[in-house]
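Here's the structure we're looking at; comments come further down.
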Amino acid sequence: MSRGVESERKERRHDEKRSERKRTREEEPEEPKRTKAEGERRQEEPKPQRDRVSDRREREQPPVNTRTTEPAAETRPRTARPTTAERPAIRPPGPRPPLGGRGRMGGRGMMGRGFGGRGPVQVPRKEINRQEVCPLLLRVFVSSGEHHKVEQFSNKAAELVDDEVQIYTWKDATLLELTQLIQRVKPFAKERNAQLHFNLVAPNKGKFVHRHIGTVRAETSRRSEDDRKTLQDTKFEIGDYLDVAVMP
């Protein structure tokens, strides 16, 4: 009995759905059917022709921006790039400065330690507390009239023992401070109009190389910028020598 009842219910549901579909079809308005004559008439109707003058005016008018309803900017023609002769000069007129040469602190030797010919190299100074930092031994060789030869510094400068002055100092010692210490030992460095020419002698690739680092005058009234130059400004390293020539 239960199966027969279920089958009847299913048939009723199908009948209801069919009846609903028929109702929706009847309620929808039917589209008017076009006759064959109306279709031929539409095909025979000529299309409206536009005036050429109006088309040209519409092309010449600038395009309208739909967002802001403002006329867009007119496209400008690209101009030719200026030639090298027409371009403005970046550098001021005149001779160019030299790229190399002997700078105030530079020479032609010892690469990598400020011995190049590119001018002065500024090294940041380090503050040294002399109360806490142990001093270093600086070997200074002083001669009158001219500098020593570089070959004489080989074998730990054994040939220059008579001209050697050993000074215990720090890397922040200035050339003027070293001059005053040298004058205590070498009396000819106190003479009037005397000039002390300092050379730094350092090893490089198995041989010694020297370069000029500054000049100090013996007279206290005549001072220069080299007086305030320190050893660390000259890129001095522990083990290097100082060769000083006292010239009139």
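The values are calculated or read from the model by the stated rules, or taken from the named source; none is laboratory data. Because the structure is a prediction, the values reported are computed rather than measured. Neighbour counts are summed over all protein chains in view; Cβ atoms, including those assigned to glycine, are modelled from backbone coordinates with ideal geometry. To get the accessible areas, we keep the full protein, side chains included, count just its heavy atoms, and leave off ligands, DNA and RNA. Shrake-Rupley method; radii C 1.70, N 1.55, O 1.52, S 1.80 Å.
As a calculated quantity, the FRET efficiency between ILE128 and GLU225 at R0 = 22 Å, using C-beta atoms, amounts to about 0.55. Backbone geometry of the range 166-172 corresponds, through the Karplus equation with coefficients 6.51, -1.76 and 1.60 at θ = phi - 60°, to 3J(HN,Hα) couplings of 9, 10, 9, 8, 10, 6, 8 Hz, x marking Gly and Pro.
Extension gain, LYS190 to GLU159, is 8.6 nm, computed as 0.36 nm per intervening residue step minus the present C-alpha separation.
Ordering of 127-138, 176-187, 235-246, 161-172 by packing is 235-246, 176-187, 161-172, 127-138, highest average first (other Cβ atoms within 10 Å, averaged per residue). A cut-off of 5 Å between modelled amide H atoms, ignoring neighbours fewer than 5 places along the same chain, links LEU138 with ILE167, TYR168, THR169.
Rounded to the nearest whole Hz, the Karplus-based 3J(HN,Hα) values (6.51 cos²θ - 1.76 cosθ + 1.60, θ = phi - 60°) of the range 127-136 follow the sequence 6, 10, 8, 5, 6, 10, 8, 6, x, 10, with x at glycine and proline. Entry comment: accessible area of the range 168-219 is 52 Å² per residue, from protein heavy atoms only and a probe of 1.4 Å.
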